[in-house]
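The values are calculated or read from the model by the stated rules, or taken from the named source; none is laboratory data. Note that the structure is a prediction, hence the values are computed from the model and not measured. For neighbour counting, all protein chains shown are included, and Cβ atoms are generated from backbone atoms with ideal geometry for every residue, glycine included. Please note that ligands, DNA and RNA were not included when accessible areas were found on the heavy atoms of the full protein model with its side chains. Shrake-Rupley method; radii C 1.70, N 1.55, O 1.52, S 1.80 Å.
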Amino acid sequence: MDRFTTELLILAVYLLLGPFLYVGIINRVKALWCGRKGYPLLQLLHDVIKLFRKGEVFSTTTTGVFIIAPVIAFGAVLFSALVVPGPAGTSVLSFEGDYLFFAYALSLAKFAGIIGAMDTGSSFEGMGASREASYTSLVEPAYMIVITTAVYATGFLSFQDILMVIQGSKAWSLAAGVPIIAALVIMLLAEGCRVPVDDPKTHLELTMIHEVMILDNSGPGLALINYTAGLKLCVIGSLIASVSIPVGISGWLYALLFFAIVAASAVLVGIIESLNARVRMSHVPQFVFTMISGAVLVLSISFLTIFGGAK
Amino acid sequence: MIADIAVVLFGVTLLYVSTAGMIESYIKMLTVQGLLLFVIALFSLTEYNVGGIIFVAAETLLLKAIIIPLFLRKTVRENNVVREIEPYITNFHSILIETLILGAGFAAAYFAATSGGGVKPFSFGIAVSSVLTGLFIIISRKKLLTHVMGYMVIENGIFLMSLAVAAELPVLVSLGVSMDILIGVLLAGIFINRIRSAFDNQDIDQLTRLKD
């Protein structure tokens, strides 16, 4: 097997099993923190397989939009996963401007989720959709500030090259790396619907965001949505890993570090969920806005480095 | 390089201070700021002499990170201060303003750095933001104790600025700053105690009743 095939195989296994393990690690950390044993690491995989074997029930008010929405969301997130550098340090799809493609692929997934929820005609799901749209809309400007700053500072136009330069050991990368990683962690929590923003374990429809949008989904549709949610966490975890691994490391060591950092981000999410209650609905925009503050910090640092003579 | 990371982390503590909801978080953040200032000072020194390092350690580690937080905790405990921060404006507006302050601080650093004079831009930008953040905390929070903490954020900013402007630590400036902090906190403590004996709580809303 040549190098390319090996890399592709590792990436395929990562994208197939990673999301289940990611959610499994989060739940295991939460369980251990409470002194419980916790369910198996691959419980989500068993759930998804079980759901795929079942039939699907559709409400009479739904149309084809409801059926196709989970598939569109899954496809969009899968493509965004192909753009982000994987365990080998290279992306499968790499072209100029793919960082914009990444942002809009994630937005398309969100849009599909929202129209799917609106299509059911349920007021609960409309409420969840409106919350999802208003809270995560604050993530996008912050992401844009961070990434376009990195594009300007590095002079490259695709994820793979930008992230390689961020990993470099220049003073700029180290100083800017702190707020970049902080911003990405907030993006992980907001986009992945994890605790300070949304509680995946909540049982009350009025306090749900992501969970209330999928109340009407069942069978394969629900399985696909669950897998997509895990995949989204995994993709942003990969982004964090790619940003934080120093330049000069390659091959198996890179892959090892990559998996270690993705797993560490899952542990971090678990710890955050164990230590914090979700914030009040009215305080969620404030939490997500912190990401914009981090982005402004990145912008200012880069501006000073490029024009202000800081080395 | 390590100093740069510490400076950026100092900026992150400013963001945290502007949104934190409990007095305990403020005290913790002041401790963290003291530790970060020690790291920054240690890595910014151009020449190492034992006296200078001992002095910096005493000022940042001992005073800023241990004695003052202990004193503040004691004040909170003995005066039964309400544990929440009680701001005048919502946290969302706080973080909005804090973001603008960070931007403004870095803009100031840009002009300072491009006009020459050997200013360190990162430290200078965060120092200016820190001073402005302290002022912002003082004008936007109700309790007297949080005013004292805002004052201490300003002091930390001035300490950072003394590191940013001159390459080596000007001992006299630091001495003045650290004395300022100690006297300020002690005075404020006495002041808070007197207010407490005069009014039932230390809310400065009560001060509007004062007439001459």
If R₀ is 25 angstrom, what is the calculated FRET efficiency for the pair A:D161 and A:L253, using the beta carbon separation as r and rounding to 0.05? 0.75
Return the subset of A:K30/B:K143; A:K110/B:K28; A:K201/B:K143; B:K64/B:K143 for which the Cα-Cα distance in this structure is over 27 Å, preserving the input order. A:K30/B:K143; A:K110/B:K28; A:K201/B:K143
List the relative contact order of chain A as a percent without decimals, with contacts defined as Cα pairs under 8 Å and 6+ residues apart. 29
Where in chain A are the helices, taken as whole DSSP H runs, whose Cα atoms extend 18 angstrom or more along the long axis and whose Kyte-Doolittle mean reaches at least 1.6? A:64-83, A:171-191, A:252-275, A:284-307
Given a Förster radius of 51 Å and the C-beta distance between A:S94 and A:A31 as r, what FRET efficiency does 1/(1 + (r/R0)^6) yield to the nearest 0.05? 0.85
Could you work out which residue, out of A:G155, A:G116, A:G237, moves most in a Gaussian network model of chain A, that is, has the largest mean-square fluctuation with Cα springs under 10 Å? A:G155
Extension gain from A:I271 to A:H46, taking 0.36 nm per residue of separation minus the Cα-Cα distance: 78.6 nm
Mean residue ellipticity at 222 nm from the helices of the protein assembly as shown, using -39,500 (n - 2.57) per DSSP H segment of n ≥ 4 over the full residue count, to the nearest 500 deg cm²/dmol? -24500 deg cm²/dmol
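To the nearest 100 Å², how much accessible surface do chains B and A cover up together, summed over both, with a 1.4 Å probe?
Buried area between the two chains comes out at roughly 2000 Å².
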At 7 Å along the Cα-to-beta-carbon direction for both A:V279 and A:L78, put a label point, then send me their distance in nm to one decimal. 3.5
Top mean-square fluctuation among A:A264, A:A153, A:A31, Gaussian network model of chain A, C-alpha springs under 10 Å? A:A31
Once the Cβ-Cβ distance between B:L100 and A:M144 is put in as r, and R0 is 22 Å, what FRET efficiency do you end up with, to the nearest 0.05? 0.75
Set of segment B:82-97 residues, backbone N closer than 17 Å to the point 7 Å along the Cα-Cβ line of B:E24: B:82-86
When all protein chains stay in place, what accessible area (Å², nearest 10, 1.4 Å probe) is found for B:S123? 10
Can you give me the Cα centroid spacing of segment A:134-211 and segment A:66-110 in angstrom? 15
Accessible area, probe 1.4 Å, largest first, for residues A:F289, A:F58: A:F58, A:F289
Provide the per residue accessible area, probe 1.4 Å, for segment B:47-167, rounded to a whole number of square angstrom. 42
Where labels lie 7 Å past Cα in the beta-carbon direction, separation of A:L17 and B:E78 in nm: 6.1
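Only Lys, Arg, Asp and Glu count, each charged at its Cβ (+1, +1, -1, -1), so figure out the dipole size of the protein assembly as shown about its Cα centre, rounded to 20 debye. Spell out each step's value before the answer.
Details: 31 positive and 33 negative charges, 216 e Å.
For the protein assembly as shown, the charge dipole is close to 1040 debye.
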